[in-house]
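Reviewing the structure listed below.
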Amino acid sequence: MNSYCKMVFNQIHVNIQSLTAIIDEVTEEELAYRPLPHKRSIQELLQHLCLICSADYYISLGYSAAKMNDFYLQHPAYTKLELKAALVEGFNQLKAVYSSFDEQKLFSLQTSYWGCTYTCFEWLLEIQSHLYHHRAELYTLLTCYRRNGLDVALFE
(Lines give C-alpha, C1' and ligand atoms only; values in the text may rest on other atoms or scores of the structure.)
Protein backbone atom coordinates (compact mmCIF):
# COMPACT_ATOMS: atom_id res chain seq x y z
CA MET A 1 0.00 0.00 0.00
CA ASN A 2 1.15 3.52 -0.81
CA SER A 3 2.78 5.15 2.25
CA TYR A 4 0.44 8.17 2.03
CA CYS A 5 -2.57 5.87 2.11
CA LYS A 6 -1.11 4.06 5.13
CA MET A 7 -0.97 7.37 6.99
CA VAL A 8 -4.55 8.25 6.04
CA PHE A 9 -5.76 4.80 7.09
CA ASN A 10 -3.99 5.24 10.43
CA GLN A 11 -6.03 8.40 11.02
CA ILE A 12 -9.25 6.72 9.90
CA HIS A 13 -8.47 3.85 12.27
CA VAL A 14 -8.14 6.32 15.18
CA ASN A 15 -11.53 7.71 14.20
CA ILE A 16 -13.07 4.22 14.01
CA GLN A 17 -11.71 3.34 17.47
CA SER A 18 -13.17 6.48 19.03
CA LEU A 19 -16.52 5.96 17.28
CA THR A 20 -16.66 2.39 18.56
CA ALA A 21 -16.01 3.67 22.08
CA ILE A 22 -18.74 6.30 21.70
CA ILE A 23 -21.22 3.67 20.47
CA ASP A 24 -20.37 1.54 23.51
CA GLU A 25 -21.07 4.50 25.80
CA VAL A 26 -24.26 5.84 24.20
CA THR A 27 -27.53 4.87 25.90
CA GLU A 28 -30.82 3.85 24.28
CA GLU A 29 -32.32 7.13 25.49
CA GLU A 30 -29.51 9.08 23.81
CA LEU A 31 -29.95 7.15 20.56
CA ALA A 32 -33.49 8.54 20.32
CA TYR A 33 -32.41 12.15 20.94
CA ARG A 34 -33.22 14.48 18.03
CA PRO A 35 -32.01 18.06 18.59
CA LEU A 36 -34.51 19.58 16.14
CA PRO A 37 -37.48 18.07 14.28
CA HIS A 38 -35.76 18.38 10.89
CA LYS A 39 -32.37 17.02 12.03
CA ARG A 40 -31.11 13.45 12.42
CA SER A 41 -31.44 11.66 15.72
CA ILE A 42 -28.24 10.36 17.29
CA GLN A 43 -29.14 6.88 16.03
CA GLU A 44 -29.72 8.17 12.49
CA LEU A 45 -26.43 10.06 12.63
CA LEU A 46 -24.66 6.89 13.77
CA GLN A 47 -26.34 4.91 10.97
CA HIS A 48 -24.98 7.45 8.47
CA LEU A 49 -21.53 7.53 10.08
CA CYS A 50 -21.17 3.76 10.13
CA LEU A 51 -21.77 3.51 6.38
CA ILE A 52 -19.47 6.34 5.27
CA CYS A 53 -16.47 4.18 4.35
CA SER A 54 -18.58 1.94 2.13
CA ALA A 55 -21.01 4.52 0.80
CA ASP A 56 -18.45 7.18 -0.03
CA TYR A 57 -16.32 4.59 -1.82
CA TYR A 58 -19.32 3.59 -3.94
CA ILE A 59 -20.03 7.26 -4.63
CA SER A 60 -16.44 7.64 -5.79
CA LEU A 61 -17.06 4.81 -8.27
CA GLY A 62 -19.87 6.82 -9.82
CA TYR A 63 -22.84 4.93 -8.35
CA SER A 64 -26.07 6.73 -9.28
CA ALA A 65 -28.27 8.47 -6.73
CA ALA A 66 -30.83 5.67 -7.13
CA LYS A 67 -28.19 3.00 -6.57
CA MET A 68 -26.98 4.83 -3.45
CA ASN A 69 -30.54 5.07 -2.10
CA ASP A 70 -30.83 1.31 -2.60
CA PHE A 71 -27.52 0.81 -0.79
CA TYR A 72 -28.73 2.78 2.24
CA LEU A 73 -32.05 0.90 2.31
CA GLN A 74 -30.25 -2.45 2.15
CA HIS A 75 -27.87 -1.60 4.99
CA PRO A 76 -29.88 -0.54 8.01
CA ALA A 77 -28.10 -0.74 11.35
CA TYR A 78 -30.29 -0.44 14.39
CA THR A 79 -28.53 -2.02 17.35
CA LYS A 80 -25.24 -0.84 18.77
CA LEU A 81 -23.69 -4.15 17.73
CA GLU A 82 -24.93 -3.70 14.13
CA LEU A 83 -23.63 -0.12 14.06
CA LYS A 84 -20.16 -1.18 15.19
CA ALA A 85 -20.11 -4.11 12.75
CA ALA A 86 -21.04 -1.84 9.81
CA LEU A 87 -18.39 0.68 10.82
CA VAL A 88 -15.58 -1.88 11.09
CA GLU A 89 -16.66 -3.83 8.00
CA GLY A 90 -16.74 -0.67 5.86
CA PHE A 91 -13.30 0.37 7.10
CA ASN A 92 -11.83 -3.08 6.43
CA GLN A 93 -13.32 -3.22 2.93
CA LEU A 94 -12.07 0.26 2.08
CA LYS A 95 -8.58 -0.56 3.33
CA ALA A 96 -8.51 -3.83 1.37
CA VAL A 97 -9.56 -2.10 -1.86
CA TYR A 98 -7.03 0.71 -1.50
CA SER A 99 -4.21 -1.70 -0.63
CA SER A 100 -4.53 -3.13 -4.15
CA PHE A 101 -4.20 0.27 -5.85
CA ASP A 102 -1.01 1.03 -7.72
CA GLU A 103 0.16 4.60 -8.25
CA GLN A 104 -1.71 4.92 -11.56
CA LYS A 105 -5.01 3.79 -10.02
CA LEU A 106 -4.51 5.94 -6.92
CA PHE A 107 -4.22 9.07 -9.03
CA SER A 108 -6.89 8.18 -11.59
CA LEU A 109 -9.94 10.42 -11.69
CA GLN A 110 -13.33 9.26 -10.42
CA THR A 111 -16.57 11.24 -10.80
CA SER A 112 -19.57 11.15 -8.46
CA TYR A 113 -23.17 11.13 -9.66
CA TRP A 114 -23.42 14.87 -8.97
CA GLY A 115 -20.33 15.59 -11.08
CA CYS A 116 -17.59 16.01 -8.46
CA THR A 117 -14.29 14.66 -9.82
CA TYR A 118 -11.36 13.69 -7.57
CA THR A 119 -8.49 11.26 -7.79
CA CYS A 120 -8.94 8.04 -5.81
CA PHE A 121 -6.51 9.44 -3.25
CA GLU A 122 -8.57 12.62 -2.92
CA TRP A 123 -11.69 10.49 -2.41
CA LEU A 124 -9.87 8.74 0.44
CA LEU A 125 -9.13 12.12 2.01
CA GLU A 126 -12.79 13.07 1.53
CA ILE A 127 -13.86 9.89 3.35
CA GLN A 128 -11.50 10.71 6.21
CA SER A 129 -12.86 14.28 6.41
CA HIS A 130 -16.46 13.08 6.22
CA LEU A 131 -15.88 10.71 9.16
CA TYR A 132 -14.25 13.41 11.27
CA HIS A 133 -16.99 15.90 10.42
CA HIS A 134 -19.79 13.64 11.61
CA ARG A 135 -17.84 12.38 14.62
CA ALA A 136 -17.55 16.00 15.75
CA GLU A 137 -21.27 16.47 15.17
CA LEU A 138 -22.01 13.32 17.20
CA TYR A 139 -19.69 14.38 20.02
CA THR A 140 -21.32 17.82 20.17
CA LEU A 141 -24.86 16.39 20.22
CA LEU A 142 -24.01 13.97 23.01
CA THR A 143 -22.21 16.66 24.99
CA CYS A 144 -25.22 18.99 24.69
CA TYR A 145 -27.63 16.21 25.62
CA ARG A 146 -25.56 15.09 28.62
CA ARG A 147 -24.41 18.57 29.60
CA ASN A 148 -20.89 17.15 29.91
CA GLY A 149 -18.28 15.48 27.74
CA LEU A 150 -17.61 11.87 26.92
CA ASP A 151 -14.75 9.88 28.37
CA VAL A 152 -13.47 8.93 24.91
CA ALA A 153 -10.08 9.74 23.39
CA LEU A 154 -10.75 11.43 20.07
CA PHE A 155 -7.09 11.71 18.99
CA GLU A 156 -3.90 9.76 19.64
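The values are calculated or read from the model by the stated rules, or taken from the named source; none is laboratory data. Computed from a prediction, not measured in an experiment: that's the story for all the values here. For neighbour counting, all protein chains shown are included, and Cβ atoms are generated from backbone atoms with ideal geometry for every residue, glycine included. Side chains are part of the model used for accessible areas, which takes the heavy atoms of the whole protein and leaves out ligands, DNA and RNA. Shrake-Rupley method; radii C 1.70, N 1.55, O 1.52, S 1.80 Å.
Sites listed here are GluC sites (Glu not before Pro) in segment 74-137 whose DSSP assignment is loop and whose Cβ has at most 14 other Cβ atoms within 10 Å, and the list is empty. Straight-line reach from K67: taking Cα to Cα under 16 Å and skipping same-chain neighbours fewer than 8 places apart, the aspartates and glutamates in range are D56.
Backbone phi angles across segment 40-52, fed through the Karplus curve with coefficients 6.51, -1.76 and 1.60 (θ = phi - 60°), yield HN-Hα couplings of 5, 6, 4, 5, 5, 5, 4, 4, 5, 4, 6, 9, 4 Hz in residue order; Gly and Pro are listed as x.
Taking amide H as placed 1.01 Å from N in the peptide plane, the amide H of Q110 sits under 5 Å from that of Y118, T119, C120, each at least 5 places away or on another chain. Under 18 Å of direct C-alpha separation, and excluding same-chain neighbours fewer than eight residues apart, K6 reaches these lysines: K95, K105. What range in the chain is the longest one free of trypsin sites (Lys or Arg not before Pro) that are in a loop by DSSP and have at most 14 other Cβ atoms within 10 angstrom? Between the exposed loop sites, the longest stretch runs 40-146. In a simple Cβ point-charge model (Lys, Arg +1; Asp, Glu -1; nothing else charged), the chain has a dipole of about 180 debye relative to its Cα centre. If you line up the long axis of helix 65-74 against the longest principal axis of the chain, both from Cα atoms, how many degrees apart are they, to the nearest 10? For 65-74 against the chain, the angle is about 50 degrees.
Calculated [222 nm] ellipticity per residue, helices only, for the chain: -21500 deg cm²/dmol; basis is -39500 (n - 2.57) per DSSP H run with n ≥ 4, divided by all residues, nearest 500. For segment 53-121, the calculated P(r) over all alpha carbon pairs, in 10 Å bins from 0 to the bin holding the longest distance, is 19, 44, 30, 7, 0 percent. Accessible area per residue was computed with a 1.4 Å probe on protein heavy atoms; Y118 scores about 70 Å². Using a probe of 1.4 angstrom and keeping all protein chains present, the accessible surface of the chain works out to 54 square angstrom per residue. The orientation-averaged projection of the convex hull spanning the C-alpha atoms of the chain amounts to 9.3 square nanometres. Here segment 1-134 has 55 percent of its accessible surface on carbon and sulfur atoms, given a 1.4 Å probe and all protein chains in place.
Any idea how far the Cα center of segment 16-60 sits from the one of segment 107-131, in Å? Centre-to-centre (Cα) distance: 22 Å. Computed with the Debye formula from one identical point scatterer per Cα of segment 105-152, without solvent, the log10 of I(q)/I(0) at q = 0.17 Å⁻¹ comes to -0.61. By the compact-protein rule of thumb, 2.2 N^0.38 Å, the alpha-carbon radius of gyration of segment 1-90 corresponds to a ratio of 1.19.
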